[in-house]
Amino acid sequence: MALEFHLMAEKKLNRLVARMQPVQITLGKQAEHIAGDVRSNIDNHIDTGEYLMSIKLSRGKVDWFVYSDDPRAVYKEYPHLAKNGELVGGVGAFRKALAEAPSKGLRGVSF
């Protein structure tokens, strides 16, 4: 009986594994968890609910994305100067969720 090995470049192997259904299911669950954490962080700062309702989850060819489709999301997430010159603290919902991800066993999460 002959034993045959087919070697692939690491990049090609990573691409193949990343598209496997069990891997995609795991990545999707992690993305859902992150989205829940982001929403939970926003819920503490809720005003009109627009920012909370703007948090979405989508899947690319390989990666999953948690994002806000609120046109003012950057101003809500990060500290900034208001028109009157006052410093307004950002909600930091995404930053906090990503900072806590490793302690929850979520890997490969990036901003």
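Do we have residue 27 as surrounded by 11 or more Cβ atoms within 10 Å (Cβ to Cβ), out of contact with any Leu (no Cβ under 6 Å at 6 or more places or on another chain), more than 22 Å from residue 89 (Cα to Cα) and at pLDDT below 85 here? Step through it out loud before you land on a result.
Details: surrounded by 11 or more Cβ atoms within 10 Å (Cβ to Cβ): yes; out of contact with any Leu (no Cβ under 6 Å at 6 or more places or on another chain): yes; more than 22 Å from residue 89 (Cα to Cα): yes; at pLDDT below 85: no.
The answer is no for residue 27.
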Show the residue pairs meeting these rules: Cβ distance below 7 Å; 6+ apart or different chains; first residue within the range 70-98 and under 17 Å from residue 52 (Cα atoms); second residue of a type in the set (Gly, Ala, Ser) and outside any helix (DSSP H, G or I). 70/54; 73/54; 76/90; 77/90; 77/92; 78/90
Being among the acidic types (Asp, Glu), in a loop (DSSP other than H, G, I, E, B) and modelled with pLDDT under 90 is the filter here; which residues of the range 30-77 pass it? 47, 63
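Evaluate the range 89-109: report whether one residue or more is assigned to a strand (DSSP E or B), loosely packed, with under 14 Cβ neighbours inside 10 Å and of a type in the set (A, V, I, L, M).
Filtering the range 89-109 for residues assigned to a strand (DSSP E or B) gives none.
For the range 89-109, residues assigned to a strand (DSSP E or B), loosely packed, with under 14 Cβ neighbours inside 10 Å and of a type in the set (A, V, I, L, M): absent.
The values are calculated or read from the model by the stated rules, or taken from the named source; none is laboratory data. Just so it is clear, the model here is predicted, and its values are computed rather than measured. FYI the Cβ positions are ideal-geometry reconstructions off the backbone, even for glycines, and counts take in every protein chain you see.
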